[in-house]
Amino acid sequence: MCGIVGYIGDREAYPVLINGLKRLEYRGYDSAGISVYNGKSVIYKKKGKVSDLEKFVSGKKINGKLGIGHTRWATHGEPNDVNAHPHVSFHKKFILIHNGIIENYARLRERLENRGIKFVSETDTEVLVNLIEYIYEKGNVSAEIAVRLALSKVVGAYGLVIICNDEPDKLIAARKGSPLVIGVGNEEYFIASDATPIVEYTKSVIYLNDNDVAIIKKDELVLKTVSNNTQTPRIQQLDLDIGDIDKSGYEHFMLKEIFEQPRSILDTFRGRVSNKPVDLRLGGLYDVMPKILKANRIIIIGCGTSWHAGLVGEYLFEDLARVSVEVEYASEFRYRNPIINKDDIVIAISQSGETADTLAAIKMAREAGAIVLGICNVVGSSIPRETDGGVYTHAGPEIGVASTKAFTAQVTVLAMMAIIVGKEKGFISKEQHIDLINELIKIPGKIEKILSQDSKFKEIASLYKHANNFLYLGRGYFFPVALEGALKLKEISYIHAEGYPAAEMKHGPIALIDEKMPVVVIAAKDSSYEKIVSNIQEVKARNGIVIAVVTEGDKVIRELADHVLEIPEANIVFSALLAVIPLQLLSYHIAVMRGCNVDQPRNLAKSVTVE
Ligand code: G6P
């Protein structure tokens, strides 16, 4: 959460910063601000989106070749102009942008106030910038030393960039828990929370590690730890193109990402699956495979949509590999007293690779001796670095706050993992293995077919766009799909929606059903088809409106339901990948018709780096 951008070099900083903030806005959009140095630092900040900041500064001359910018998701202090970043220290020597939380800020603030320092905002960030200035002035030390000493006193998480007005030839950046990437140009450096603002200038990047402090001049970068150990920066090449991070003609990122799914799934299994000769490999599992095969239990952890993918994983591993699985919200798992055995395998799922609760749960599992694997989308993010092995999803950058293509890529990886483990353990025969691989390869084409019916989904959306509540029902693999469908609708259209296992409907939600309640039933053909037909009848008997996702050609449910959305027939283990597509599009169209900001829904952020 929160997007950070910084620039030092020979370009005008303002355009680099403002474009960077637009790319990072998906990380938070409560307020935005910039500071540019040109003889002295100027600061402009505004509640609202980056476009509000742009309007605010329009007509002002903002020159300078060094600057920082921030787009905020509020933690401490309501979103307003004062709490917006950058924050400036009491004697105006330091300007700071920060992503993360300073947990001991209250105690530090009290101490600084006792020494006469006045605060204007309610933020933890203002405490940090004042602590740096206090140490700088009191200790008569350089900006770098003041920053390192201050950070050694801080408890919490940060990704930050600092300007010191007394030392205007440099930016100082530091990371602990919140990601920072530095783009290396020709006598210029770019700093950002992720690579999206950097890729149009350079593909050479340095990912900062926790406790790194970078002292960045336009022609020199020195990397140290907070405790002053010099580090050797490792320059890596970005595998990202500018086309991956624009809307490519789509009205919204979310729509683009929904339509990208045939390709993102293909990219996820490309080079890992082949049908001639039949083969399925995941390089990131080689080293840990003996331990996976010995494991008595898999614990899957994640948050939000990634947790839903984990639930699909539970069915996959149980069906294909006959291993017992528990799926846990990372935020609950980390604060329980869970029983973690040394021979447990923990799989952490995360699009961003930065979710604070997931990272903390990983740490806890590793401390207990479990092997932890990651399924992540963002290359170079924290989770892949904190795990013993894992698999990237290769879905490409996901910018829309509501996750779509990351979910299907995660499920694809889980399916591949379960097939490999099932085959190794002897639960999948040679013939089944061939069938599964052939079926997986066909999934992108089947999704294309579903996407081609988009006008139908739009038409149904127009009928129910004013509903106040939706219920989503599914059984087996379709239960997590029901949860995901409901989450998509809530997130972007602000309609209350609940996902339920269809059979549980009778234990409560059935009381809600009346002629105004649309009930989305995922009723594609599987072993519980007959049961779900009965559930549809139960809804219809109470005058509910049934929108059913069915297997192509299903005549029985067509007779019963008010609307049917068809998906191609597929092996049940891959069916979640198909069934979720109509639900994504239904939510998307409803949200657009209700005038909601689909890519940046209120109060949400793409990457939740605070607990
Ligand atoms: C936020 C996002 C969701 C995402 C969840 C977990 O809530 O808005 O789309 O599913 O975080 O994020 P992760 O990056 O760990 O998958």
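Here, each number is a calculation from the coordinates, and none is a lab measurement. Predicted model, so just to flag it, every value in this text is computed and none were measured. Virtual Cβ from ideal backbone geometry, glycine too; neighbours counted across all protein chains shown.
For the chain, what log10 I(q)/I(0) values come out of the Debye formula at q = 0.13 1/Å, with one point per alpha carbon and no solvent?
With no solvent term, the Cα-only Debye profile gives -1.32.
Answer rounded, prolate or oblate for segment 267-390, using the Cα gyration tensor with square roots of eigenvalues a ≥ b ≥ c: rounded when a/c is under 1.5, else prolate when a/b is larger than b/c, else oblate. Before the final figure, lay out the partial values.
Values: a/c = 1.63, a/b = 1.34, b/c = 1.22.
Prolate, since a/c reaches 1.5 and a/b exceeds b/c.
Working from the pairwise distances between different alpha carbons, so that the mean of 1/r is found and then inverted, what is segment 438-516's Kirkwood radius in Å? Working shown, then result.
Numbers: mean 1/r = 0.0700 Å⁻¹.
Over segment 438-516, the inverse of the mean reciprocal pair distance is 14.3 Å.
For GLU326, list long-range residues whose amide hydrogen, built 1.01 Å from N in the peptide plane, is under 5 Å from its own amide hydrogen.
Close amide H contacts, sequence-distant or interchain: ILE298, ILE299, ILE300.
Roughly how tilted is helix 478-493, in degrees to the nearest 10 and between 0 and 90, from the longest Cα axis of the chain?
Helix 478-493 sits at roughly 50 degrees to that axis.
Where both partners of a DSSP beta bridge lie in the chain, what percent of those bridges are antiparallel, to the nearest 5? All intermediate terms of the calculation are to be shown ahead of the outcome.
Working: 65 of 106 bridges.
Taking every DSSP beta bridge within the chain, about 60 percent pair in antiparallel fashion.
Take every Cα pair under 8 Å in segment 276-400 that's 6+ residues apart, average their separations, divide by the length, and report that relative contact order as a whole percent.
Working: 232 pairs, mean separation 31.1, N = 125.
It rounds to 25 percent for segment 276-400.
Cα centroid distance between segment 220-278 and segment 144-180, in Å?
Result: 27 Å between the Cα centres.
Compute the length gained on full extension between ASP287 and SER204: take 0.36 nm times their separation in residues and subtract their Cα-Cα distance, giving the result in nm to one decimal.
Details: separation 83, 0.36 × 83 = 29.88 nm, distance 2.89 nm.
So the extension gain works out to 27.0 nm.
Exposure proxy check: ARG594, ARG175 ranked by fewest other beta carbons within 10 Å? Intermediate values should be presented prior to the final figure.
Details: ARG594 15, ARG175 28.
Ordered from fewest to most neighbouring Cβ atoms within 10 Å, ARG594, ARG175 come out as ARG594, ARG175.
Can you tell me, using C-alpha contacts under 8 Å and at least 6 residues apart, the relative contact order of segment 11-167 as a whole percent? Don't jump to the answer; show the numbers that get you there.
Numbers: 307 pairs, mean separation 35.6, N = 157.
For segment 11-167, the relative contact order is 23 percent.
Would you calculate, for the chain, the mean residue ellipticity at 222 nm contributed by helices, counting each DSSP H stretch of 4 or more residues as -39,500 (n - 2.57) and dividing by all residues, to the nearest 500? Mind dumping the intermediate values first?
Details: 19 runs with 218 residues, N = 611.
Computed ellipticity for the chain at 222 nm equals -11000 deg cm²/dmol.
Give the lysines reachable from LYS555 as a straight Cα distance under 19 Å; neighbours fewer than 8 places away on the same chain don't count.
By straight Cα distance, LYS555 reaches LYS456, LYS525, LYS531, LYS540.
How much length is gained if the chain between THR230 and LYS153 is pulled fully straight, taking 0.36 nm per residue apart and subtracting their Cα-Cα distance, in nm to one decimal? Intermediate results must be reported in sequence, preceding the final value.
On the way: separation 77, 0.36 × 77 = 27.72 nm, distance 1.98 nm.
Gain on extension, THR230 to LYS153, equals 25.7 nm.
Given charges of +1 on the Cβ of Lys and Arg and -1 on the Cβ of Asp and Glu, with all other atoms neutral, how large is the dipole of segment 165-238 about its Cα centre, in debye to the nearest 20? Please report the intermediate quantities before stating the final value.
Values: 8 positive and 11 negative charges, 59 e Å.
It comes to approximately 280 debye.
If the only charges are +1 at each Lys and Arg Cβ and -1 at each Asp and Glu Cβ, what is the size of the charge dipole of segment 523-611 around the Cα centre, to the nearest 20 debye?
Details: 9 positive and 11 negative charges, 64 e Å.
Magnitude of the dipole: close to 300 debye.
Would you work out which of THR355, VAL378, ASN337 lies farthest towards the positive end of the dipole of segment 333-398? Charges go on Cβ: Lys and Arg +1, Asp and Glu -1.
With unit charges placed on the Cβ atoms, the residue in question is ASN337.
Sort LYS118, LYS531, LYS218 by Cβ crowding within 10 Å, fewest neighbours at the top. Show your work: numbers first, answer last.
Numbers: LYS118 8, LYS531 14, LYS218 19.
Least crowded to most crowded, the residues run LYS118, LYS531, LYS218.
Within the set of other residues whose C-beta is less than 13 Å from the C-beta of LYS555, count the net charge using Lys and Arg as +1 and Asp and Glu as -1.
Every neighbour counted, the sum reads -2.
Points 7 angstrom from Cα along the Cβ direction at LYS247 and GLU187: gap in nanometres?
For LYS247 paired with GLU187, the spin-label model returns 3.8 nm.
Tell me the volume per residue, in Å³, of the convex hull enclosing the alpha carbons of segment 394-453. Spell out each step's value before the answer.
Numbers: hull volume 5.9 nm³, N = 60.
In segment 394-453, the Cα hull volume divided by residue count equals 98 Å³.
Relative contact order of the chain, please, whole-number percent, based on alpha carbon pairs below 8 angstrom and at least 6 residues apart.
It comes to 12 percent, rounded to a whole number.
What is the P(r) of segment 555-603, as percent of Cα-Cα pairs per 10 Å bin from 0?
Over segment 555-603, the share of Cα pairs per 10 Å bin runs 20, 36, 30, 13, 0 percent.
Residue by residue, what Karplus-based ³J(HN,Hα) values in Hz, rounded to whole numbers, does segment 135-150 have, using 6.51, -1.76 and 1.60 with θ = phi - 60° and x for Gly and Pro?
5, 4, 6, 5, x, 6, 10, 6, 4, 4, 5, 4, 5, 5, 5, 4
Could you compute the net charge surrounding TYR329? Neighbours are other residues with a C-beta less than 14 Å from the C-beta of TYR329; K and R count +1, D and E count -1. All intermediate terms of the calculation are to be shown ahead of the outcome.
On the way: positive: ARG334, ARG336; negative: GLU314, GLU326, GLU328, GLU332, ASP357, GLU611.
Net charge around TYR329: -4.
Please say if segment 35-143 is rounded, prolate or oblate, where rounded means a/c under 1.5 for a ≥ b ≥ c the square roots of the C-alpha gyration tensor eigenvalues, and otherwise the choice is prolate for a/b larger than b/c and oblate otherwise? The partial results should precede the final answer.
Numbers: a/c = 2.40, a/b = 1.35, b/c = 1.77.
Taking the square roots of the gyration eigenvalues as a ≥ b ≥ c, segment 35-143 is oblate.
To the nearest 20 Debye, how big is the dipole of the chain about its Cα centre, given +1 on the beta carbon of each Lys and Arg and -1 on that of each Asp and Glu? Don't skip to the answer; put the middle values down first.
Numbers: 73 positive and 76 negative charges, 167 e Å.
Its charge dipole is roughly 800 debye.
Helix 405-424 against the longest principal axis of the chain: what's the angle in degrees, Cα atoms only, rounded to the nearest 10?
60 degrees
Mind listing the long-range amide H neighbours of VAL520? Cut-off is under 5 Å, sequence gap 5 or more, other chains count too, H placed in the peptide plane at 1.01 Å from N.
Sorted by chain and number, the residues that satisfy this are LEU471, TYR472, LEU473, ILE547.
Once the other residues with Cβ under 12 Å from the Cβ of GLY284 are scored (Lys, Arg +1; Asp, Glu -1), what is the net sum? Provide the component values of the computation, followed by the final result.
On the way: positive: ARG272, ARG281; negative: ASP287, ASP388.
Its environment carries a net charge of 0.
Using 0.36 nm per residue of separation minus the Cα-Cα distance, give me the extension gain between GLU332 and GLU431 in nm, one decimal.
On the way: separation 99, 0.36 × 99 = 35.64 nm, distance 4.05 nm.
Going from the current span to full extension adds 31.6 nm.
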